[in-house]
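Engineer: Shown below is the structure under consideration.
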Amino acid sequence: MANKLSGLRKSTRRNFLTYALVILAFIVLQALITTGSISSSLKGMLVPICAYVVMAVSLNLTVGVLGELSLGHAGFMSVGAFTGVATAILLQDVIPMAPLRLAVGMAVGAAFAALAGFLIGIPVLRLKGDYLAIVTLAFGEIIKSIFNNLYMGVDSKGLHFSLLSDTTNLDETGTLIIGGPMGIGGIQKISTFAAGFVLVMITLVVVFHLVGSRAGRAIMAIRDNRIAAESVGVNVTKYKMMAFVTSAALAGAAGTLFAANYSTIVANKFDFNTSILVLVFVVLGGLGNMLGSIIAAAALTILPEALREFSDYRMLVYAIVLILVMLATNNPTLKSLLARLRPGNREKKEAV
Amino acid sequence: MKKKFLSLLLAMVMVLSLAACGGDTEETPAESGETPAEEGSEAPAEGTAFLLGGTGPLTGGAAIYGNAAYRGAQIAVDEINAMGGVQFDLRYEDDQHDAEKAVNAYNVLKDWGMQLSLGSVTSKPCEATAAETYADRIFALTPSASSTATTEGKDNMFQMCFMDPNQGSASATYISEKGLGTKVAIIWKNDDVYSKGIHDTFVAEAAELNLAIVSDTTFADGNDTDFSVQLADAQANDADLVFLPMYYQPASLILSQANSMGYNPKWFGVDGMDGILTMEGFDPALAEGVMLLTPFNADATDDKTVAFVTEYQDRYGETPNQFAADAYDCVYAYKQALEAAGATPDMTAEELCDLMIQQFTSMTFDGLTGEGMTWDATGAVSKSPKGMVIENGAYVGLD
């Protein structure tokens, strides 16, 4: 087994390690839940952690692999949350089975987010660096404004939409699903930890396969040197769009998972701060490092809750810990220490 | 190399322990701030007190509401514990006015063993925690979450405050009955549940009462610092009364900007306006003559209010607002219901939940925020609002 593993490429081995750790974490947590030895506090955070993990991994695709800084990732999450949950509510009577309804909701959420990603990608991907970052930032705000002003209701005559004020004029059988600034209320909690785990696994499979494929190599070539990549015939726009849309679709699915875990969701939740939070996960975990993103997302979601005993100083301590962790993970001494600890690298060094 | 790593690690430990000290020292004055005479009754022994928990924004933009509710509830708990009889152990957790964090905070309270809940202080977080208390069968009585969705479809969720729609229609009725204005302008926040709920019912009620709305303008998060356009619109349309269904921070800016424009209509607010007088950096003179509907008046002269206001001022150095009074009432309502039901602290949350539902739908409660309050099965309270006007930097009853 060891021989077989070492025969594989380093990146493949790393991917397997990531899958194995995620599955292991799921089994351990699931066992703890079944035996009832897990606190409600941690149990309540499992679904949001899964959603944030998917957000971090998908953003890592844009920032780490494609090399473009996106500050509007929460916008895609928002699109996925609203469209996915609205779908789940509409299908409440059609599909009584909750997991299936969630899956359909996620698929719709992902599709709409992908569409949004495609539309925004057309102008955005012509830009580079700082300009692109600012435009994605604006995109996130636009999405927030749209959902803050969108009203959607359903009655016997079908779906009704209105903007700015509620002019849907529903009949007696109608219900308002998206209520502008009120967001969506009365959501059935259909997200489960198992569903979150499945979504994380799907995300990892999609991202690893994309990165490891021919397209992935083209994407990384664009990141490393756009001109050189173009000169050897790589279609820059196509591959950029591929990474961007994939990232958006995964964020949309994460949004549905997240929203279906709470009874209410508002557009203001997915603001600039949420985008930055996800970016922090990615930077902390390391650009292009998916396992790092997963660990960072989980740790930084739990951290503010673990710091509750500091009461009013909680967020201050959180910020201090964040700074220290950033310093520590970027410390060259520590990095070399970690590198020495990793078995694969040691073998390599010995071989040299 | 190793030394460097070690020193970094040590530095981390030191900062963390310093931060820990910070946390501790914060707690000490808070505790010593509670009247020393009650030291003995402060923490009832395990199993003899009802574990009462709530979430609210103790930090962040809406912190004034969370802290007010927490403090009001704490005063009530200390008073009740000093009396003997029913004992409470109160714990508030921070939710930063966010549904996700409110559910996290709620789960922390659940781990603590909360038997009775004070819900959440603000509306959206309370909608999220209400779904949780409903699923876990923990009875909840929120001091201030006023949206209808909070209680909708949940038999164990009750409110101490008015519902948003009631505030809107009550304001319209009040303005029309007292003849306060004929041409009304509304400025409201269109990405805020609270503001929208009141605005919609106000407009509907105003149409029935033939109250002319001459200007209806909005703002949202992010463009809530400059109100010159909205105010100019109201002024251009000759509005003699401006209705401000919003929290006090934007309202304070509106008042000061209108003042610098030389626009001087009558101002009418809702309970979110409460807190404007104690806001840092705001000149209370600008709020002179502002009217608002609120169930609580800190200047009332009845014994209960005077005692509460004095105690609150002694402890925290400021005048309590309506949120503090609502939370204070919540704890007393719990006391009354628990005594009437003969409940004991060793009961499970689920047993208490059934007893509380019975009690709250049948009892009548007199508190700071109203006399003869009753609750219907939906969880809504029935009590009458009081019209207030700000005179010389204090609330004075309008009637």
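Engineer: Pop out the ³J(HN,Hα) list for region A:218-228 in order, Karplus 6.51 cos²θ - 1.76 cosθ + 1.60 with θ = phi - 60°, rounded to Hz; leave Gly and Pro as x.
Structural biologist: 5, 4, 5, 5, 5, 4, 6, 7, 4, 5, 4
Engineer: Could you calculate the FRET efficiency of A:Thr175 with A:Arg9 from 1/(1 + (r/R0)^6), where r is the beta carbon distance between them and R0 is 56 Å, rounded to 0.05? Don't skip to the answer; put the middle values down first.
Structural biologist: Numbers: r = 53 Å, r/R0 = 0.95.
Between A:Thr175 and A:Arg9 the formula returns 0.55.
Engineer: Roughly how many nanometres apart are two label points built 7 Å out from the Cα toward the Cβ at A:Asn225 and B:Glu318?
Structural biologist: Result for the modelled spin labels: 6.1 nm.
Engineer: Next up: Projected onto the charge dipole of region A:2-306 (+1 at Lys/Arg Cβ, -1 at Asp/Glu Cβ, origin at the Cα centre), which of A:Phe147, A:Phe112, A:Leu250 gives the Cα projection farthest towards the positive end?
Structural biologist: A:Leu250
Engineer: Specify whether the C-alpha gyration tensor of region A:36-131 places it in the rounded, prolate or oblate class, a ≥ b ≥ c being the square roots of the eigenvalues: rounded for a/c under 1.5, otherwise prolate if a/b is larger than b/c and oblate if not. Each step should come with its number before you reach the end.
Structural biologist: Values: a/c = 3.38, a/b = 1.44, b/c = 2.35.
It is oblate, given that a/c is not under 1.5 and a/b is not larger than b/c.
Engineer: Shifting gears a bit: Name the shape class, rounded, prolate or oblate, that the alpha-carbon gyration tensor gives for region A:201-352, where a ≥ b ≥ c are the square roots of its eigenvalues, rounded holds for a/c under 1.5, and otherwise prolate holds if a/b is larger than b/c and oblate otherwise.
Structural biologist: It is oblate, given that a/c is not under 1.5 and a/b is not larger than b/c.
Engineer: Determine the percent antiparallel among the DSSP beta bridges restricted to the protein assembly as shown, to the nearest 5. The partial results should precede the final answer.
Structural biologist: Details: 24 of 55 bridges.
Once the DSSP bridges in the protein assembly as shown are tallied, antiparallel ones form about 45 percent.
Engineer: Applying 1/(1 + (r/R0)^6) with R0 = 30 Å to the Cβ-Cβ distance of B:Asp111 and A:Leu316, what FRET efficiency is obtained, to the nearest 0.05? Don't skip to the end; give the middle numbers.
Structural biologist: Values: r = 24 Å, r/R0 = 0.79.
That pair, B:Asp111 with A:Leu316, gives E of 0.80.
Engineer: Taking the Cα centre of region B:165-294 as origin and charging only Cβ (+1 Lys, Arg; -1 Asp, Glu), how large is the dipole, in debye to the nearest 20?
Structural biologist: About 260 debye.
Engineer: State, to one decimal in nm, how far the label point of B:Asp155 lies from the label point of B:Thr217, with both points 7 Å from Cα in the Cβ direction.
Structural biologist: 5.0
Engineer: Residues of region A:39-84 that become at least 30 Å² less accessible with every protein chain present than in their own chain isolated, using 1.4 Å: which are they?
Structural biologist: The answer is A:Ser40, A:Ser41.
Engineer: Run the accessible area of region A:2-306 with a 1.4 Å probe and give the carbon-and-sulfur part as a rounded percent.
Structural biologist: 68
Engineer: Among DSSP beta bridges lying fully in chain B, give the percent that are antiparallel, nearest 5.
Structural biologist: 30
Engineer: Then there's this: Give me the accessible area per residue for the protein assembly as shown, probe 1.4 Å, as a whole number in Å².
Structural biologist: Here the per-residue accessible area is 42 Å².
Engineer: For the pair B:Thr378 and B:Asp224, what calculated FRET efficiency results from E = 1/(1 + (r/R0)^6), where r is the Cβ-Cβ distance and R0 = 51 Å, to the nearest 0.05?
Structural biologist: Result of the calculation: an efficiency of 0.95.
Engineer: Sticking with this one: So for A:Met106, B:Met157, what's the accessible-area order with a 1.4 Å probe, most first?
Structural biologist: If we order A:Met106, B:Met157 from most to least accessible, we get A:Met106, B:Met157.
Engineer: Only helical DSSP H runs with n ≥ 4 go in: add -39500 (n - 2.57) per run for chain B, normalise by residue count and round the 222 nm mean residue ellipticity to 500 deg cm²/dmol.
Structural biologist: Details: 12 runs with 186 residues, N = 399.
Rounded to the nearest 500, it is -15500 deg cm²/dmol.
Engineer: Right, here's the next one. At the nearest 100 Å², what buried accessible area, both sides summed, do you get for B and A when the probe is 1.4 Å?
Structural biologist: 3400
Engineer: Also: Rounded, prolate or oblate: which fits region B:165-294, taking a ≥ b ≥ c as square roots of the Cα gyration tensor eigenvalues, rounded meaning a/c under 1.5, else prolate when a/b beats b/c? Write down the numbers at each step before the final one.
Structural biologist: Working: a/c = 1.39, a/b = 1.30, b/c = 1.07.
In terms of gyration-tensor shape, rounded.
Engineer: If you don't mind, there's one more thing I want to ask. On the full set of protein chains, 1.4 Å probe, figure out the accessible area of A:Leu163 and give it in Å² to the nearest 10.
Structural biologist: Ignoring ligands and nucleic acids, A:Leu163 comes out at about 110 Å².
The values are calculated or read from the model by the stated rules, or taken from the named source; none is laboratory data. Just so we're clear, the structure is a prediction, and the values are computed from it rather than from any experiment. So basically every Cβ, Gly included, is an ideal-geometry build from the backbone, and we count neighbours across all protein chains shown. Side chains are part of the model used for accessible areas, which takes the heavy atoms of the whole protein and leaves out ligands, DNA and RNA. Shrake-Rupley method; radii C 1.70, N 1.55, O 1.52, S 1.80 Å.
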